[in-house]
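Below: one structure, written as structure tokens.
The values are calculated or read from the model by the stated rules, or taken from the named source; none is laboratory data. Quick caveat, the model's predicted, so the values are computed rather than measured. Cβ coordinates were reconstructed from backbone atoms using ideal geometry, including for glycine residues, and neighbour counts include every protein chain displayed.
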Amino acid sequence: MESQVNPPKEDLRKWSRQIVNEIRSDFRIVPLNGLKSERYVLSKPILILLEKDDDGYIASWDDVEAFHTAETEYEAINGLCEEIVNLYEDLCEPNAELGPLPRKWLLLLQDHIQTR
């Protein structure tokens, strides 16, 4: 008599694929290669998270706590690009008094963003 404790490998592979496909459909890591900006370019890609939720999509870059929500993937990514540019410009203000976390964000942004 065969035990159900150890299901056949085929079943395990099938279940594994189903789990991976479910996760993939809601979350994806996407390389962002540009900021869609006339003033700035990226010196290296930024890995962002693109998440599907009930209302649309959320694009985020957790390293600098930037995100944007929209109805489509394209709008979410474009909005995140704008958020990143706005954050970078705000942090670069000459009179900006930055605490430890915003200073960390600025260093990370400066490592990725170059002026055209």
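Please find, among Ala76, Ala96, the residue that is farther than 20 Å from Arg116 by Cβ and free of Cβ contacts under 8 Å to residues at least 24 places away in the same chain.
Ala96 is the lone residue from the list that is farther than 20 Å from Arg116 by Cβ and free of Cβ contacts under 8 Å to residues at least 24 places away in the same chain.
Among the residues of this structure, Thr115 does not count as one that is under 15 Å from Phe27 (Cα atoms) and of a type in the set (Val, Ile, Thr). Scanning the stretch 51-67 for residues that are over 20 Å from Leu101 (Cα atoms) and in contact with a Leu (Cβ under 9 Å, 6 or more places away or on another chain) gives Tyr57, Ile58, Ala59.
Can you find, within the stretch 27-40, the residue that is nearest to Arg116 (Cα to Cα) among those that are in a strand (DSSP E or B) and not charged (D, E, K, R)? Residue satisfying both the conditions and the ranking: Tyr40.
Inside the stretch 41-55, residues that are modelled with pLDDT of 95 or more, in a strand (DSSP E or B) and farther than 15 Å from Val30 by Cα make up a count of 1. Considered as a group, the residues in the stretch 59-108 that are small (Gly, Ala, Ser) and within 16 Å of the chain's Cα centre (by Cα) include one that is farthest from Asn33 (Cα to Cα), and that residue is Ala70.
For the stretch 100-116, what are the residues that are closer than 17 Å to Ile46 by Cα and either in a helix (DSSP H, G or I) or aromatic (Phe, Trp, Tyr) (or both)?
Here is the first cut: in the stretch 100-116, the ones closer than 17 Å to Ile46 by Cα are 104-115.
Lys104, Trp105, Leu106, Leu107, Leu108, Leu109, Gln110, Asp111, His112 - these are the residues of the stretch 100-116 that are closer than 17 Å to Ile46 by Cα and either in a helix (DSSP H, G or I) or aromatic (Phe, Trp, Tyr) (or both).
The residues of the stretch 35-58 that are under 12 Å from the mean Cα position of the chain (by Cα), buried (at least 16 other Cβ atoms within 10 Å of the Cβ) and hydrophobic (A, V, I, L, M, F, W, C), listed by number, are Ile46, Ile48, Leu50, Ile58. What residue, among those in the stretch 59-99 that are aromatic (Phe, Trp, Tyr) and outside any helix (DSSP H, G or I), is surrounded by the fewest Cβ atoms within 10 Å (Cβ to Cβ)? For the stretch 59-99, the residue satisfying everything is Phe67.
Which is over 17 Å from Tyr88 (Cα atoms) and in contact with a Lys or Arg (Cβ under 8 Å, 6 or more places away or on another chain), of Asp26, Asp53?
Values: Asp53 fails: in contact with a Lys or Arg (Cβ under 8 Å, 6 or more places away or on another chain).
Only one candidate qualifies: Asp26.
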